[in-house]
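The values are calculated or read from the model by the stated rules, or taken from the named source; none is laboratory data. Just so we're clear, the structure is a prediction, and the values are computed from it rather than from any experiment. Cβ: placed from backbone, ideal geometry, glycine included. Neighbour counts: every protein chain shown. Just so you know, the surface numbers come from the protein's heavy atoms only, side chains and all, with ligands and any DNA or RNA stripped out. Shrake-Rupley method; radii C 1.70, N 1.55, O 1.52, S 1.80 Å.
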Amino acid sequence: MDTSTALPRCTWCGTEPLYQHYHDTEWGVPQRDPRMLWEMLMLEGFQAGLSWITILRKREGFRRAFDGFDPAKVARYDEAKVQALVADPGIVRARAKIVATIAGAQIYNSMMAAGEDFADYCWAFSGGRVLRGDGVHFATSTPLSETISKDLKKRGFKFVGPTIVYAWMQAIGMVDDHAVHCFRRAQLGR
């Protein structure tokens, strides 16, 4: 893990090694795996009202607690499992977010069973392409994140407001919002 502060990065990742590693290897990289897109959407929902570093620090705990974010397994969780998750200090223990993740797995599975690939669904909103910010001005939501948010809510997803959706769009690389001075902007822009 490169924790060098000599690299010009987006200022939001500061000098925290975990943040820098996430920034340098994952944030803004186009993600096309449907299960991973769903996992990131669920994690962004858990982040609501918290900082992303909190989620990153607990990410492996989330993966352990949610069976590797396997939607088939998560969709079958019962009340006993919800209670176990609420008691798990390795995750954010918000009952509403846990229940929303279980419902999100059920929605994901229904979509996939109906032949609607979750990755195709997600990327259809941007026409399959990466949208590139100017690297100077940084939105917290956009008309597109509002559109995606409305559609996700219509399908039954929770904790998917326009701000959460925009953060997810940045995280999964649908939007490249690396700062103009950031070394990753040039790498991802190729």
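At a glance:
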| item | result |
| --- | --- |
| Probe 1.4 Å - accessible area at VAL180, Å² to nearest ten | 100 Å² |
| The chain: angle of helix 162-171 to the longest principal axis, Cα-based, in degrees nearest 10 | 60 degrees |
| 0 to 90° range, to nearest 10: angle between helix 34-47 axis and the chain longest Cα axis | 90 degrees |
| The range 94-190: radius of gyration and largest Cα-Cα distance (Dmax), Å | 14.9, 44 |
| Square roots of five times the Cα gyration tensor eigenvalues for the range 1-106, Å | 28, 15, 11 |
| Residues of the range 84-190: accessible area per residue with a 1.4 Å probe, Å² | 46 Å² |
| Hull shadow area, averaged, the chain [alpha-carbon convex hull, nm²] | 10.6 nm² |
| Helix-derived mean residue ellipticity, 222 nm - over the chain, DSSP H n ≥ 4, -39500 (n - 2.57), to 500 | -16500 deg cm²/dmol |
| Inter-centroid distance (Cα atoms) of the range 153-190 relative to the range 74-110, Å | 24 Å |
| Mean accessible surface per residue for the range 1-50, computed with a 1.4 Å probe while every protein chain stays in place, in Å² | 44 Å² |
| Accessible carbon and sulfur surface of the range 91-190 relative to its total accessible area, %, 1.4 Å | 55 percent |
| Set of the range 66-92 residues, backbone N closer than 12 Å to the point 7 Å along the Cα-Cβ line of ARG35 | 67-74 |
